[in-house]
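Below: the structure, in structure tokens.
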Amino acid sequence: MGQHPQYDIAVAGGGPAGLAFVRSLAGTGLRIAVVDGQHWDALERPAFDGREIALTHRSMSLLKRMGVWDCIDPEDVSDLRAARVMDGGDPYALSFVADEAGRLGVLIPNHRIREALFHLVGAQQGVDFVPGRRIVRARVARSGHAPFRGRLELDDGTEIAARLLVAADSRFSSVRNQLGVGADINRLGRSMILCRVRHDHVHDHVATEWFDYGQTLALLPLNGMERDARTSSAVLTLPTRQAEELAALPDAEFERELDRRMKGRLGTVRLAGSRHLYPLAVTWSRRFAGEGFALIGDAAVGMNPVTAHGFNLGLKGQDRLAGLIRQAAALGRGIGAYALLAGYEAGHRRDALPLYLGTNIVARLFTDEGPAARIARRVALRAAQSMTPFRHAVRAMLTDPG
């Protein structure tokens, strides 16, 4: 690569959102650069990171359209047939069951989705990867009529010019900051421990989210090595210091502590893989686009994982942006003009804001340990179970958020 290459689009971030966006532009003839700080081997063969992605029916359709679905081993696809929400020691559960299609959605390991996307994008005509490079400066020239006004300066001295810059580099996006876009960032003071476990009882492909006192525990049903419904992904959320101490325990002690916290819901549990710790933060960018740039994925909205919709929202957002760009490119119009990008910004804000606000309200309600909040939770769960419009709305959100 030369020192001043020019592209139609430069994407900062080779994660799922960035790669899905590039894949959605296949066949447009656009020249695209993907810049990521990870080296080639880590991008090509991403390591298991503990995250199991709950995909809605809409997200499954998008992945099928992009060809991603055909690149994923069916053994890695776990059906989600029902979900239930529980509070504290109350045996009552708010339940959602699958429709006639037989499942609410599916669970797929995050690293398998990334691997499939990278395989496809790596073979896509017109795409160049720039791995192992850090972006030291991102900017868009505010005046003039030159088509390549976007610039990414890399740590090796390379400067990439582009008609459009797309930030897809996490909820703590450095490119977003360098472009002068503010963001509301709330570090929650809590962290998640993720690990796969084997257990005595079958899970029947039912996901359980249990808001207990001082912790939140989710059990996500996986196929397991023998597809015997006795493997789950355990997601334990605790105050950060407690989470760090628990994650550092030897395996046997960790299993005993996890067993105690699960209170025998699926029988005795045993670790079935590595443990992963993630501090929690939610972010909301004050702009999703501007002249010559756009933000997608977590760089636009970093969701609380309590409703498991971050990936689905990011996938929907990139599809909206890619669709507008495809139309503009086909008509020979400028792909970096804010007149175009404003349509993406307005549409994605309309999709994201109710989910973002609603998720934050649910998270606050179910992590508040005060007596009033405990009473409110139990009342809310029972009321929600009997309110048919509410239940239909939540099931629609679980399967296809709009």
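Please give the contour-minus-distance gain from Q6 to L353: 0.36 nm per residue of separation, less the Cα-Cα distance, rounded to one decimal in nm. Don't skip to the end; give the middle numbers.
Working: separation 347, 0.36 × 347 = 124.92 nm, distance 3.49 nm.
Contour length minus the Cα-Cα distance gives 121.4 nm.
In Å, what Kirkwood hydrodynamic radius results for region 1-94 from the alpha-carbon pair distances? Numbers along the way, then the final one.
Values: mean 1/r = 0.0593 Å⁻¹.
Over region 1-94, the inverse of the mean reciprocal pair distance is 16.9 Å.
Counting protein heavy atoms only, region 1-51 has 49 percent of its accessible area on carbon and sulfur, 1.4 angstrom probe. Give me the percent of accessible area attributable to carbon and sulfur for region 229-333, probe 1.4 angstrom. Its accessible area is 48 percent carbon and sulfur atoms.
What you get for region 1-70, charging only the Cβ of Lys and Arg (+1) and of Asp and Glu (-1), is a dipole of about 300 debye around the Cα centre.
Rolling a 1.4 Å probe over the protein heavy atoms gives region 75-223 an accessible area of 41 Å² per residue. Label point of A146 set 7 angstrom out along Cα-Cβ; within region 1-33, amide nitrogens under 13 Å from it belong to 4-7.
Each Lys and Arg adds +1 at its Cβ and each Asp and Glu adds -1 at its Cβ; summed about the Cα centre, region 117-156 shows a dipole of about 280 debye.
Extension gain, D204 to W40, is 55.2 nm, computed as 0.36 nm per intervening residue step minus the present C-alpha separation.
The values are calculated or read from the model by the stated rules, or taken from the named source; none is laboratory data. Owing to the predicted nature of the structure, the values given are computational and were not obtained by experimental measurement. Reconstructed Cβ throughout: ideal geometry from the backbone, glycine too, with neighbour counts over all protein chains shown. Protein only, heavy atoms only, side chains kept; ligands, DNA and RNA dropped before computing areas. Shrake-Rupley method; radii C 1.70, N 1.55, O 1.52, S 1.80 Å.
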